[in-house]
Amino acid sequence: MECPCCGLPMIKSNIMNNINDFNVVIIGAGPAGCQCARTLAKLGYKILLFEQHKTFEKNNFSSAATPKETLDKFDLPETVVGSYWQKISIITTNINQTWASPKTLGAVLNFAKLREFLVAEVESYNGKVCMGCRYTRHFQEDGKTIVEVRSSDGKKIAVSTEVLVDATGYARAVIYDKKSRQPQFLTAVGIEYLIEVELREYDKYANDLKFFLGHKWMPKGYSWIFPMEAEKQRLKIGVARFNLEHKQIVETKPMRWYLKLLIQDYMKLEKYKLIDIHGSTVKYSVGLKDIYYQDNVIAIGDAVSTINILGGEGIRHGMENAEIAIKYIQKYLKKRLSSFRPYQKEMQRRYAIKWNISEQMLRRRYMQDSDESIDKGVKYLKSLTIEDMMNILFEYNFQKLYKGLGKYLQHKVKLVRQKINNLFS
């Protein structure tokens, strides 16, 4: 009996005779897993990609904003773009500030269509994709690494592989067995609505990434409104909250209460159609203490905290991480590498400093600051250009913040001098 999805034989016992052999088996068809499978298949390796959901509509959880360069870097077509944007706005309890550009700065991706495209690419390069199959275990037998999954109807599939890739996201289902001691995680939960509105309402939010900070909009976190699918007049409205204690805030409302607050109090929508509700959890390893590899098992994407926890951006970084991992997977397959330790070192060199600074800023902004401090922080940014803001938000060049602080202080000194002059005159 064969799996109707990928044609792999189903097994009725633990006998592993005549099972299919692969160079690389990847568990999880998120951005990192798909990109890993796509590139390796294109290079001619025998690839198998497993995904636990039957369709990508089941886990369409990402807000998916990214700089325009992402499309070119990973050769992504316009069919995966929900909308483009050229403005960034930050709204606090008392302040509304916008930075705009005459040119397109980035895109909001259709997360489901992105993964569908990547999977189609994998198959076009003769890689195999098996949807609706959940990883159960892997083990060694007769010198081979055997990987077992179960299909949605409970049937067992077993294959062998030279390299096994954990791309299961925050679940980290492969790299950590039940007995493994996991590191300390910083966790956050997000919920997002996809709504359809009238054209005049959509136009208010077209081309603009709106971020909401402050105790009014989302205590211990942030909220957002992103444009999505202009032809259908759809918007993404989301909230995210970190599971930490705040030094000033004791009680908070349920997360959906803040979603309704955005819709009713900020947007003042009288009529809209709710298309979808989705959400997800983020588990970020504090200090990047994840396990990156064990023997011939290597972890990528959110399984090794390849997400900037300050703003929650992960798609671009997951795909970049996959490309880094591929270099070492190729060397391993060619017997030029006996351990994936160099992969771990490169990952930590690339991300550790910026990610650690982002974590420190998160803890201060979302877990300590008063509303007044948050307002003051946005005032610091007012004098920055849109290029400066792009550098801060997407390149994590936090030195640009000092530029805003300097101009803010200069402005304050100027006001004080004017007051003194007025007093003496």
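The values are calculated or read from the model by the stated rules, or taken from the named source; none is laboratory data. Bear in mind the structure is a predicted one, so any value in this text is a computation, not a measurement. Methodologically, a virtual Cβ is constructed for each residue, glycine included, from the backbone with ideal geometry; neighbour enumeration extends over all protein chains shown. In case anyone asks, the SASA skips ligands and DNA or RNA and just uses the protein heavy atoms, side chains included. Shrake-Rupley method; radii C 1.70, N 1.55, O 1.52, S 1.80 Å.
Working value for the stretch 207-295: equivalent-ellipsoid semi-axes of 29, 20, 11 Å, each the square root of 5 times a Cα gyration tensor eigenvalue, largest first. Model label points for ALA352 and ILE249, set 7 angstrom from Cα along the Cα-to-Cβ axis, are 3.2 nm apart. For the chain, the Cβ-based charge dipole about the Cα centre amounts to some 1300 debye (Lys, Arg positive; Asp, Glu negative; other atoms uncharged). Counting only GluC sites (Glu not before Pro) that DSSP places in a loop and that have at most 15 other Cβ atoms within 10 Å, the longest clean stretch of the chain runs over 271-425. What fraction of the Cα pairs in the stretch 42-113, stated in percent, has a spacing above 18 angstrom? Above the 18 Å cut-off, the stretch 42-113 has 58 percent of its Cα pairs. Ordering SER101, LEU76, TYR135 by the projection of their Cα atoms onto the charge dipole of the stretch 35-144, which places +1 on the Cβ of Lys and Arg and -1 on the Cβ of Asp and Glu, puts TYR135 at the extreme positive end. Solvent-accessible surface of the chain, averaged per residue with a 1.4 angstrom probe and all protein chains in place: 49 square angstrom. Dipole of the chain computed with +1 at Lys/Arg Cβ and -1 at Asp/Glu Cβ about the Cα centre; of ILE263, MET390, LEU199, farthest Cα towards the positive end is MET390. For LYS260, the shell of other residues with beta-carbons less than 14 Å away shows a net charge of +1, using +1 for Lys and Arg and -1 for Asp and Glu.
Only one of the values (1) 90, 67, 41; (2) 81, 48, 40; (3) 96, 46, 42 was calculated from this structure for Cα extents along the principal axes in Å; name its label. Recomputing Cα extents along the principal axes in Å here gives the entry labelled (3).
DSSP finds beta bridges in the chain, and of those with both partners inside it, around 75 percent are antiparallel. For LYS216, the amide hydrogen comes within under 5 Å of the amide hydrogens of THR93, counting only partners 5 or more places away or on other chains and with H modelled in the peptide plane.
Only Cα pairs under 8 Å and 6+ residues apart enter the sum, and on that basis the relative contact order of the stretch 80-155 stands at 22 percent. Between ASN356, LEU333, SER305, the Cα set farthest toward the positive side of the dipole of the stretch 274-399 (charges on each charged residue's Cβ, about the Cα centre) is that of LEU333. Kindly flag which residue pairs out of LYS46/LYS113; LYS232/LYS354; LYS204/LYS283; LYS73/LYS260; LYS58/LYS103 have an alpha-carbon separation exceeding 27 Å in this structure. From the list (LYS46/LYS113; LYS232/LYS354; LYS204/LYS283; LYS73/LYS260; LYS58/LYS103), the Cα-Cα distance tops 27 Å for LYS232/LYS354; LYS204/LYS283; LYS73/LYS260; LYS58/LYS103.
Couplings 3J(HN,Hα) for the stretch 213-228, derived from phi with the Karplus relation 6.51 cos²θ - 1.76 cosθ + 1.60 (θ = phi - 60°), are 10, x, 5, 5, 7, 6, x, 6, x, 8, 10, 7, 10, 10, x, 7 Hz, where x marks Gly and Pro. Sketch the reach of a paramagnetic label on ARG363 as a point 7 Å from Cα along Cα-to-Cβ, and name the residues of the stretch 210-241 whose backbone nitrogen lies under 17 Å away. Answer for this model: 220-221.
Computed over the chain with a Gaussian network model linking Cα atoms closer than 10 Å, the most mobile of THR66, THR281, THR104 is THR104. Work out which helices of the chain, taken as complete DSSP H runs, extend at least 18 Å along their axis over the Cα atoms and score a mean Kyte-Doolittle of -0.5 or more, then list them. In the chain, the long hydrophobic H runs are 111-124, 315-333.
Between VAL189 and ILE277, full extension at 0.36 nm per residue minus the direct alpha carbon distance yields a gain of 30.3 nm.
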